[in-house]
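Remarks on the structure that follows.
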Amino acid sequence: MKCKRCAAKATVQLRSHNSAFCKDCFVFFFQRSVERSIDVSGGKDSLALWDTLVALGYQTEGLYLGLGIGDYSSASERKVSSYAAARALPLRIVRLEEEGDGLAIPEAAFFTRRQPCAACGTFKRHYFDRAALDGGFAVLATGHNLDDEAARLLGNVLHWQLPYLAKRQPVLAPTHAKFARKVRPLYRTSEYETAVYAFLRGIDYVVEECPNSHGATQLVYKELLNRLEETMPGSKLAFVSDFLRHAQPLFAGSSDNPPGDCARCGMPAFADICGYCRLVGEIERRRSQAVANS
Ligand code: FES
Ligand code: ZN
């Protein structure tokens, strides 16, 4: 098979794009698709994203949020740190276990008696927003890829979650002075493509999935979409891009009202206190009850 761009021998075949590329042309194709996403508006996925943003000349700083999930977190932190050190890139590290007692994901899940991913999502949002604010960054870019986008979109559609559908865009303008613009430049790039890119660029990343992801709803959606993609290549990309083109604007009016300020931490909040502070308050309460009873 020949490279679509230069006609040399192809090393990567992309059935969803009906294309094949040699190593250099694939790297070019990948970086161009990320660049386009930025122009439109603004593990491996994050590192592939970081690598590409740097290659495209963007000024960046990495944020690693340690979730306190045993070996998985320590291995992830090691990989990110050595990636940044080898390229002399600035990296901030925030570790949940150092932010407060009981905040590491396994403990947070234990005290709140909820799925680890619930606390994880709330913490990630808060610490990413906080780091962008503290660092004075205008843009917060995350490595969500096409597979993540398609799985989330499917979940939102199955439950007709209108406010989420309203926000399901690759670029989100800030709705509060303390928010940065949020961009997901990999939203058109499949998990397979980011894995190939990371491999071709010699990026060493954590291959294991988070141990809590087994049985998570997102994974069920991903498997369903993979089966669809298997028989109809290009389905995921069409699902996400056609949604953005035709349906997303129809949901734009369903957004929540703009957030106010959290009475506890001062970050944007949709109620008196923000979701993060509610969660931390719950953990603190349950934790002190457990200590009192012990
Ligand atoms: Fe969030 Fe695993 S619980 S990444
Ligand atoms: Zn708060």
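Near the amide H of L140, within less than 5 Å, lie the amide hydrogens of R181, K182, V183, all on another chain or at least 5 residues away, with H placed in the peptide plane. Quantify how much of the Cα-Cα distance distribution of region 166-220 extends past 18 Å, in percent. Beyond 18 Å sits 59 percent of the P(r) for region 166-220.
Here is the size of region 1-99 from its Cα atoms: Rg then Dmax, 17.0, 53 Å.
With 23 Å as the limit, the listed pairs K124/K167; K9/K222; K4/K222; K2/K222; K4/K79; K44/K236 have K9/K222; K4/K222; K2/K222; K4/K79 beyond it between alpha carbons. So, counting K/R as plus one and D/E as minus one, what does the shell of residues with Cβ under 12 Å around Y64 add up to? Surrounding charge for Y64 is +3. Multiplying the residue separation of L219 and S241 by 0.36 nm and subtracting their alpha-carbon distance yields 5.8 nm. Of interest is the spacing of the C-alpha centroids, which for region 62-91 and region 193-257 amounts to 23 Å. Determine the sum of side-chain charges near P163: Lys and Arg each +1, Asp and Glu each -1, restricted to other residues whose C-beta is under 14 angstrom from that of P163. Net charge around P163: +2. At a probe radius of 1.4 angstrom, the accessible area of region 79-203 per residue rounds to 48 square angstrom. Enclosing the Cα atoms of region 190-294 in their convex hull gives a volume equal to 218 cubic angstrom per residue. In whole percent, and with a 1.4 Å probe on the protein chains, what portion of the accessible area of the chain is carbon and sulfur? Of all accessible area on the chain, carbon and sulfur atoms account for 52 percent. Within the same chain, aspartates and glutamates fewer than 8 places from K182 are excluded, and of the rest, those with a Cα less than 14 Å from its Cα are D39, D129. A helix-only calculation puts the chain at -16000 deg cm²/dmol for mean residue ellipticity at 222 nm, using -39500 (n - 2.57) for each DSSP H run of at least four residues, averaged over all residues.
For the listed peptides 284-294, 111-121, 178-188, 24-34, a ranking on the average number of other beta carbons within 10 Å per residue, highest first, reads 178-188, 24-34, 111-121, 284-294.
The values are calculated or read from the model by the stated rules, or taken from the named source; none is laboratory data. Because the structure is a prediction, the values reported are computed rather than measured. All Cβ positions, glycine included, derive from the backbone under ideal geometry; neighbour counts span all protein chains shown. We work out accessible area using only protein heavy atoms, side chains counted, and drop any ligands, DNA or RNA first. Shrake-Rupley method; radii C 1.70, N 1.55, O 1.52, S 1.80 Å.
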